[in-house]
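To start, the structure itself, in structure tokens.
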Amino acid sequence: MVVAHSEPSTSAPQKKTRRSIGKKKPAKVTREGGEHDAEMAEATSQNPVTDVLHDAGEDDELMIDTDAPLDVSNQTAAPAFPPLPAGAGEGTLKSETRRVPIPPHRMTPLKKEWINIFGPLTEMLGLQVRMNVQRRSVEMRTSKHTKEVGALQKGADFVKAFALGFDVNDAIALLRLDDLYLDSFEIKDVKSLHGDHLARAIGRIAGHDGKTKFTIENASRTRIILADTKIHILGSFQNIKVARDAIVSLILGSPPGKVYAGLRTVASRMRQRSL
């Protein structure tokens, strides 16, 4: 019988230290691409601070500068044009034309007052004006001397006011002031009248020798044209309302004395507001 004796090892047992415990063994490579991952893991564990700074630098390189203008000319097929200078659009405005028809009974006064009509349109507004006798109209268009944008509309209102029957000196106020308007309505818009009833309504508005019409004009600071059943008023918005209310009261049958009393009250209030 053979007895084998084992000799005790002379080497002392290895003690585990914190450093050896803290070290992690690299993971075993199980795939073809795992070797590269293991090397990256070892490099990261050796110097983590340097790797963090390196990653931050890469992130900064990948950030897009939003303040800088993007060049999208290569991405889209639309052409890119440089911006126009400040005064480039002044000479490219298209000329506009306006034609104002003239009634047959106003053609003779138009020919007599043509100098007084032609002058303000060309000097004050810088428009080109001509009288078309065949078409019985006044034609206007803008030119390089036209400065205001609404000059053509002002000129059309001025000629239209003269065509409706207003005096040239009254109609020219449309060119000098901005808050003047034209208002037109018919008697049948207020009340449907026929025959003698319509004639009496027109007589109440005009008055004896035009006295009632002049009183309304002076009290409301407007100008009124009574053309058969049509009534035209020239003035500011508030004054037109005062004159229209007085005329409507006369059409509905109110006596002139009652309308005069109302006009006196309104005129006194307007004087107080002006002060």
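The values are calculated or read from the model by the stated rules, or taken from the named source; none is laboratory data. Owing to the predicted nature of the structure, the values given are computational and were not obtained by experimental measurement. Positions of Cβ are backbone-derived with ideal geometry, glycine not excepted, and every protein chain shown enters the neighbour counts. To get the accessible areas, we keep the full protein, side chains included, count just its heavy atoms, and leave off ligands, DNA and RNA. Shrake-Rupley method; radii C 1.70, N 1.55, O 1.52, S 1.80 Å.
Identify the residue in segment 205-261 that is touching a Pro at 6+ places or on another chain (Cβ under 8 Å) and not small (Gly, Ala, Ser) and, among all such residues, is farthest from residue 163 (Cα to Cα).
My answer is 250.
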Subset of segment 161-182 [in a helix (DSSP H, G or I) and open to solvent by less than 80 Å² (accessible area, probe 1.4 Å)]
161, 162, 163, 164, 168, 170, 171, 173, 174, 175
Among the numbered criteria (1) more than 34 Å from the chain's Cα centre (by Cα); (2) of a type outside the set (Ser, Thr, Tyr); (3) more than 19 Å from residue 100 (Cα to Cα), which one does residue 167 miss?
(3)
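What residue, among those in segment 139-160 that are among the charged types (D, E, K, R) and open to solvent by 50 Å² or more (accessible area, probe 1.4 Å), is farthest from residue 223 (Cα to Cα)?
144
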Condition first: in a helix (DSSP H, G or I) and over 16 Å from residue 226 (Cα atoms). Can you find one or more residues in segment 183-202 that meet it?
yes
Mind listing whichever residues of segment 211-228 are under 10 Å from residue 266 (Cβ atoms) and within 36 Å of the chain's Cα centre (by Cα)?
220
Please state which one of 222, 265 is at pLDDT 90 or above and of a type in the set (S, T, N, Q).
222
Just give me the residues in segment 234-271 being within 36 Å of the chain's Cα centre (by Cα) and among the polar types (S, T, N, Q), in sequence order.
236, 238, 239
In segment 93-138, what count of residues is obtained for those that are in contact with a Leu (Cβ under 8 Å, 6 or more places away or on another chain) and crowded, with 16+ Cβ neighbours inside 10 Å?
11
Is it true that some residue in segment 211-225 is part of a strand (DSSP E or B) and surrounded by fewer than 15 Cβ atoms within 10 Å (Cβ to Cβ)?
no
Under 7 Å between Cβ atoms, which residue pairs at least 6 apart in sequence (or on different chains) link something in segment 230-243 that is under 16 Å from residue 263 (Cβ atoms) with a partner that is open to solvent by 20 Å² or more (accessible area, probe 1.4 Å) and basic (Lys, Arg)?
233/244; 235/221; 235/223; 239/221
Only one of 198, 193 is in contact with a helix residue (DSSP H, G or I) (Cβ under 6 Å, 6 or more places away or on another chain) and over 30 Å from residue 127 (Cβ atoms), namely 193
So residue 231 clears everything in (1) open to solvent by less than 10 Å² (accessible area, probe 1.4 Å); (2) closer than 23 Å to residue 273 by Cα; (3) under 37 Å from the mean Cα position of the chain (by Cα) except one condition, right? Which one?
(2)
